[in-house]
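Accompanying notes for the structure given below.
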Amino acid sequence: MEFTIELLDNNIVVLHLSGKLIGHHQIQPIIDPLVEHIEEGRKHFVVELSKVRLISSVGLTILLTILTKSRNAGGEAILTDISSQLSKLLIITKLNAIFTVAPTVGEAVKVLQKMQVTERILSGEEEE
């Protein structure tokens, strides 16, 4: 398993995962940097999965942890570029009701940018 983290200009963090998400030893190396981003005020994440070849229950735990930490901070995590295998797995586990899925990183970023605008309006930072 390999991953890279990309910080976009709009404080959206894109996590690019690849390989196999199957081992418990993979959880902390992925989650710890994301927690740092949350502590620095970045709470919206895109999890790009186009190069993930295999995902186990541990991989689902990683995705759920990202989602939970993001939402607990008032943000969101969106999965993108998921394979048909992962799509079926999300349906079987009923996690498709929990995760937001977008076809591409670009589409996910658009959704998160709209959320950021709404947050600013609701907090009084921006006029409609």
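The values are calculated or read from the model by the stated rules, or taken from the named source; none is laboratory data. Quick caveat: nothing in here was measured; it's all calculated off a predicted structure. Here Cβ is always computed from backbone atoms with ideal geometry, including for glycine, and neighbour counts include all displayed protein chains.
Details
- Any hit, segment 70-92, residues being within 10 Å of the chain's Cα centre (by Cα), in a helix (DSSP H, G or I) and at pLDDT 95 or above: yes
- Taken over segment 93-104, the criterion of being β-branched (V, I, T) and under 10 Å from the mean Cα position of the chain (by Cα) is satisfied by T100, V101.
- Whenever a residue of segment 69-82 is within 17 Å of Q113 (Cβ to Cβ), its partners that are β-branched (V, I, T) and in a loop (DSSP other than H, G, I, E, B), lying with C-beta atoms within less than 9 angstrom and at least six residues away or across chains, give the pairs T80/T104.
- Extreme residue, surrounded by the fewest Cβ atoms within 10 Å (Cβ to Cβ), among residues of segment 43-63 that are within 12 Å of the chain's Cα centre (by Cα) and outside any helix (DSSP H, G or I): L49
- Complete set of residues in segment 96-128 that are at pLDDT 95 or above, loosely packed, with under 15 Cβ neighbours inside 10 Å and part of a loop (DSSP other than H, G, I, E, B): I98, P103, T104
- For the residues L34, L17, the requirement of being in contact with a Phe, Trp or Tyr (Cβ under 6 Å, 6 or more places away or on another chain), modelled with pLDDT of 95 or more, of a type outside the set (S, T, Y) and under 19 Å from F99 (Cα atoms) singles out L17.
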